[in-house]
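Everything below concerns the one structure shown next.
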Amino acid sequence: MHNNKIRFFIGDVRDKEHLSRSLIGVDYVVHAAATKIAPLAEYNPSECIKTNIYGASNLIDACIQNNVKKVIALSTDKASDPINLYGATKLVSDKLFIAANIYDNQRASTKFSTVRYGNVMGSRGSVIPYFLSIAESGELQITDARMTRFMITQE
């Protein structure tokens, strides 16, 4: 499929130079790159920090440098009152994106925002397979009695 209005790049948010080159002439960015699997983040904290925090910072700088109009960073419900490194790094990332609106207020050319998602049914890392695997037992562990779980379909 060829569409001259949308471009997809393979790269690494840790590579600031490549990000900057990739964003030449780009108006809108949806930032979805992250180390997302909580146990991997706990086992590899430095790598998680490099991707989720330094990568976010690199993207912010590259977007400002290239006068991108709007950046939407995808976040996670785990960034709200985080209990693991993944959630903590995404919280820091969220704060970086929101604060970037202040950095660039002289020109006010790039607008930054974040969107927090919950559980996307059928996605990689979804809780649905886990729920199905324990359905036979009739018990579902809830981490907090006050918890509400929201589900989003891929559609």
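The values are calculated or read from the model by the stated rules, or taken from the named source; none is laboratory data. Note that the structure is predicted; figures quoted are calculated from it, not measured. Note: ideal-geometry Cβ built from the backbone for every residue, glycine included; neighbour counts use all protein chains shown. Please note that ligands, DNA and RNA were not included when accessible areas were found on the heavy atoms of the full protein model with its side chains. Shrake-Rupley method; radii C 1.70, N 1.55, O 1.52, S 1.80 Å.
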_When you check Ala34 against the structure, is it outside any loop (DSSP other than H, G, I, E, B), in contact with a Cys (Cβ under 9 Å, 6 or more places away or on another chain) and farther than 15 Å from Phe112 by Cβ, yes or no?_
no
*asked:* Criterion first (in contact with a Phe, Trp or Tyr (Cβ under 7 Å, 6 or more places away or on another chain) and open to solvent by less than 60 Å² (accessible area, probe 1.4 Å)) does Leu74 satisfy it?
replied: yes
*Pull up the stretch 8-25, narrow it to residues that are β-branched (Val, Ile, Thr) and surrounded by fewer than 17 Cβ atoms within 10 Å (Cβ to Cβ), then point me to the one that is nearest to Asn119 (Cα to Cα).*
Ile10
*Conditions (1) part of a helix (DSSP H, G or I); (2) open to solvent by 60 Å² or more (accessible area, probe 1.4 Å); (3) of a type outside the set (D, E, K, R); (4) in contact (Cβ under 8 Å) with a residue 12 or more places away in the chain: number failed by Ser93*: (2)
*Any hit, the stretch 102-113, residues being touching a Leu at 6+ places or on another chain (Cβ under 7 Å), not polar (S, T, N, Q) and not in a loop (DSSP other than H, G, I, E, B)*: no
*Would you please name the residue that is farthest from Ala79 (Cα to Cα), looking only at residues in the stretch 26-56 that are touching a residue at least 12 places away in the same chain (Cβ under 8 Å) and among the small types (Gly, Ala, Ser)?*
Gly55
*Inspect all residues belonging to the stretch 76-85 and state whether any of them is polar (S, T, N, Q) and touching a strand residue (DSSP E or B) at 6+ places or on another chain (Cβ under 8 Å).*
yes
_Pair list, Cβ under 9 Å, 6 or more apart: the stretch 63-80 residue within 30 Å of Met151 (Cα to Cα) and assigned to a strand (DSSP E or B), other residue open to solvent by less than 60 Å² (accessible area, probe 1.4 Å) and acidic (Asp, Glu)_ = Ala73/Asp94; Ser75/Asp94
